[in-house]
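Following: one structure in structure tokens, then a few remarks.
Laboratory data are not the source of any read-out in this text; all were calculated from the coordinates shown. Since this is a predicted model, take the numbers as computed values, not measurements. So basically every Cβ, Gly included, is an ideal-geometry build from the backbone, and we count neighbours across all protein chains shown.
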Amino acid sequence: MIQIVVVEDDVELQQSLCKRLNSVDDFECSHCFSGRRNAVSQIPELHPDVVLMDINLPDMSGVDCVATLMNQQPHLKILMFTAFENGKDVFAAFKADASGYIVKRHSFAELLEGIRDVLNGGAPMTPSIARKVVQSFRPTVTQVHQQELTKREEEVLALVAKGLQNKEVAGQLYISSETVRSEYRLGGCQIKILLSELIRRAAHRDTGVVHENIHVADRI
């Protein structure tokens, strides 16, 4: 059984989400938290498979909560599940070591797919977020990581940049959706390439060094 913990300040949404997760055969929403204090103190003892994290919490940003939890449990898988999709939040969430970023306006089925992707080692993102991130990093990725990409991965990356979802990518490349998820890691494919660059740039910012005069959050 896949154990899921929800951190969400909207109690009505929290309970509704937990109920829907429990309706999935192999999922169990074991605990819900409305704020940072209880989440930070209890989640490390619960050892969940995945944590769904909102950004807008009453006593601390969800991003700060991610950073605190990841400091305590570096292997914890935290999937951002939020209404916020501006560049600063996306950048901050991945800098804090979030495993993925799903926007609430998307379907429950897409959330379930995102959870499974995280468990399989991927880093899922809502297509609109993936497109913004890929487009922001594309020139640098081409220069820095060109030798690390296979032809197929380059094709997947190009389609992700256009905002295509798994099934659409699979249709364009004449492969199965499962192949896209498991072998080429839609979400994981661009994350493995892009987030190392994102974190590197974050380190330059924290030390007061501006690298290439590119401000990622401003471009997303």
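What's the ranking of 52-58, 172-178, 27-33 by average number of surrounding C-beta atoms within 10 Å, highest first? All intermediate terms of the calculation are to be shown ahead of the outcome.
Numbers: 52-58: 20.9, 172-178: 13.1, 27-33: 19.1.
The densest-packed peptide leads the list: 52-58, 27-33, 172-178.
Region 8-26 and region 61-132 have Cα centres separated by 17 Å. Taking the average, over residues, of other Cβ atoms within 10 Å as the packing measure, peptides 100-107, 8-15 rank 100-107, 8-15 from highest down.
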